[in-house]
């Protein structure tokens, strides 16, 4: 998506090998106009999928998911919660996810009330790197018997190949910008063609 | 706001003295239609305020803030982050907040890039109880030199009086539902009149 790629080139900051900061428009300050355009693009890309629920993970996925949901008939958004092994009461689907940013492993939960076999789920998140977070979300959906209709990502780090694996497994994954490489010295980012 | 009060009566669950669960529509699963209506109501209530930025705190405020922002000319949303004393690099406004739910004290940060004296801020959050979280957010805004134009809350626990104190201090605080009392035995909730 040209609009997002241009915004990354303009306002993204390559902090180090593998770390792109997009906190001025995506995950600390949120450009509501931009996300709204991204929602319209996801609606185009997943036009054939009978989506009735949006799933994301706290915290930075939530704003994107809520604005994207408007383009899917105001489907309800469910956000998975990060719980550090506290009071999992059996009423939850849960899995473990290793955080790319923090290295830590944490439990991720979704109440059983909010995912069921009738649900057709679009998973939304801001970043896709090695795919740990996404694999966790997919696990939660499949545990519930619901269907993963698609996965919509803002920024995929193509050089970490989590996305390629998910595509090989047959998931309909759409990333609005796929980074092929980035250089912390020059700040240059290179995008995969036709993302 | 009748719509929210009725939804709380229908789907809210009084878990114990002082704890109301609204996770089916507000802070785990998010009813995008409902929040959109709430955004329209906040726009009416704060029509005179020159709001150019929405501030909230992760995680459950983010979705509400992003949907509310649409009713304020798609103002950008900034969400304060909860950081457990990690890498505060001096480029952050920070304060400490005691969590009502968890009892824990944590640092809350906002990058200095995203709040400045030119900003006219509407603070949005899902819950107001004793006011600790809100006082922290107000502190961050005032530290930056920006103006607090108003505070918009979904559910205020009137019996904990954090809201009354903020009104006495002169803040323009609007809560869409104010709980006067709730009974964990009968599940009954009573709202303050004219909220």
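Taking the criterion of being on the phi > 0 side of the Ramachandran plot and within 11 Å of another protein chain (Cβ to nearest Cβ), would at least one residue in the stretch B:91-102 satisfy it? No, that holds for no residue. Restricting the stretch B:1-19 to residues that are under 28 Å from residue B:141 (Cβ atoms) and at pLDDT 95 or above leaves a set whose member that is surrounded by the most Cβ atoms within 10 Å (Cβ to Cβ) is B:4. Comparison of B:2, B:9, B:82 shows that the only residue that is more than 8 Å from chain A (Cβ to nearest Cβ) and under 21 Å from residue B:133 (Cα atoms) is B:82. All told, residue A:145 falls short of being modelled with pLDDT of 95 or more and under 14 Å from the mean Cα position of the chain (by Cα).
When residue A:78 is tested against (1) within 18 Å of residue B:56 (Cβ to Cβ); (2) in contact with a strand residue (DSSP E or B) (Cβ under 8 Å, 6 or more places away or on another chain), only condition (1) is not met. Elements of the type strands (runs of 3 or more DSSP E) sitting completely within the stretch B:1-110 and holding at least 3 residues that are within 21 Å of residue A:39 (Cα to Cα) and in contact with a helix residue (DSSP H, G or I) (Cβ under 8 Å, 6 or more places away or on another chain): these cover B:77-83. Just a yes or no: is a residue in the stretch B:71-90 within 26 Å of residue B:179 (Cβ to Cβ), at pLDDT below 95 and surrounded by 14 or more Cβ atoms within 10 Å (Cβ to Cβ)? Yes, the stretch B:71-90 contains at least one residue that is within 26 Å of residue B:179 (Cβ to Cβ), at pLDDT below 95 and surrounded by 14 or more Cβ atoms within 10 Å (Cβ to Cβ). Looking only at residues of the stretch B:23-32 that are under 22 Å from residue B:82 (Cα atoms) and under 16 Å from the mean Cα position of the chain (by Cα), we find that the one that is nearest to the other protein chains (Cβ to nearest Cβ) is B:30.
Per the conditions (1) over 22 Å from residue B:68 (Cα atoms); (2) assigned to a strand (DSSP E or B), the sole criterion not satisfied by residue B:185 is (2).
On the stretch given as the stretch B:153-180, residues that are in a helix (DSSP H, G or I) and surrounded by 24 or more Cβ atoms within 10 Å (Cβ to Cβ) total 1.
Scanning the stretch A:33-58 for residues that are at the interface with chain B (Cβ under 9 Å from one of its Cβ atoms) and surrounded by fewer than 23 Cβ atoms within 10 Å (Cβ to Cβ) gives A:33, A:36, A:58. Would you say residue B:138 is within 18 Å of residue B:27 (Cα to Cα) and touching a strand residue (DSSP E or B) at 6+ places or on another chain (Cβ under 7 Å)? So residue B:138 does not fit the description; no.
Within the stretch A:119-152, the residues that satisfy the criterion of being more than 23 Å from residue A:48 (Cβ to Cβ), in contact with a helix residue (DSSP H, G or I) (Cβ under 7 Å, 6 or more places away or on another chain) and not in a strand (DSSP E or B) are A:129, A:130, A:131.
The values are calculated or read from the model by the stated rules, or taken from the named source; none is laboratory data. This structure is a prediction, so every number in the text was calculated from the model and none was measured. With ideal geometry, Cβ positions are generated from the backbone for all residues, glycine too; neighbour counts draw on all protein chains shown.
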